[in-house]
Amino acid sequence: MHITNKTLCGTWNGSDGILGLHNFNGTLARVPAGHNYPTNWTASNEAWRFTNNCVGCTPIALPVELTDFFVICNNNSASVNWTTATETNNDFFTIERSADAINYETVTTVKGAGNSSTAQHYSYSDKEMLSGISYYRIKQTDFDGNYTYSNAMVSDCNAIKRSVTYYPNPFGNEINIKVNNLSADNATIEIVDMLGNIVAANRFNNINKANNEFKMDVSGIAAGTYFVRFTSDTFYDVSKVFKNTTSKN
């Protein structure tokens with residue numbers, strides 16, 4: 001099978017777009033629901049390729065480009081946060097919660113931006129969070145009723161109390177991270193800008209549990225406001241930090 005670049009097309013071949021096929025004789029074939037139904041197929045014309053001559057049609061865009069999604073434990077609630085870079089035909093979001101990552105219930109709905117080409121930030125505080133580990137996901141629904149799901153995020157706001165300190169804050173070329181009661185072997189620390197882009201990241205392996213202090217070189221990022229995202233097998237934290245306009249710590 002020879003595959004050429006193919007723009008998704010909602011107005012060609014009965015909206016089958018990328019599924020439209022031609023054999024080498026030019027006979028049209030369709031592949032609905034995973035089945036091949038050519039109009040003229042023989043054992044001698046098995047050479048197929050994706051067509052790329054979609055004339056006069058509009059590429060299909062993803063409804064929402066999700067750039068960040070995280071959950072923070074804050075004042076006896078779980079704060080669900082997410083950011084979109086673009087939105088197309090977006091009606092609303094549904095925050096869903098589960099105790100087992102299988103059976104989800106609706107927490108609330110949040111109105112979407114409709115159509116947007118700039119970053120949109122959303123946040124909701126779940127004050128009726130579950131005891132123990134909870135899984136959160138975002139369901140995005142279009143105006144036409146179509147929907148998609150995000151990946152799930154894990155939260156355990158009732159776990160062993162751990163705390164993290166970022167210093168100095170504001171910081172300069174380096175930032176120090178200290179975590180109390182950390183019981184993990186590995187951790188990832190990411191610096192995230194206000195658009196949800198990761199601008200710096202470090203992976204720490206074989207952590208010395210007697211000394212849970214980490215240092216990151218952040219001399220390469222511009223002055224401004226950022227989030228520090230600390231992720232390990234047993235602990236997750238997101239905190240806001242600031243970088244000075246000068247290079248001094």
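No lab work stands behind these numbers, since they all come straight from the coordinates. Please read these numbers as outputs of a predicted model, since none were measured by experiment. All Cβ positions, even for glycine, are placed from backbone atoms using ideal geometry, and neighbour counts span all protein chains on display.
What aspartates and glutamates does LYS178 reach when the alpha-carbon gap must be under 19 Å and sequence neighbours fewer than 8 apart in one chain are set aside?
Cross-link targets: GLU190, GLU213, ASP217, ASP233, ASP237.
How high is the FRET efficiency from THR165 to ASN186, r the C-beta distance, R0 25 Å, rounded to 0.05? Each step should come with its number before you reach the end.
Numbers: r = 20 Å, r/R0 = 0.80.
About 0.80, to the nearest 0.05.
Rounded to the nearest 0.05, what FRET efficiency is calculated for VAL154 and LEU195 with R0 set to 25 Å and r the Cβ-Cβ distance?
The calculated FRET efficiency here is 0.55.
Between SER239 and ASP217, with labels modelled 7 Å along Cα→Cβ, what's the label distance in nm to one decimal, could you check?
About 2.3 nm separates the two model spin labels.
Taking the Cα-to-Cβ direction at SER117 and at PHE92 and moving 7 Å from each Cα, how far apart do the two end points lie in nm?
2.8 nm
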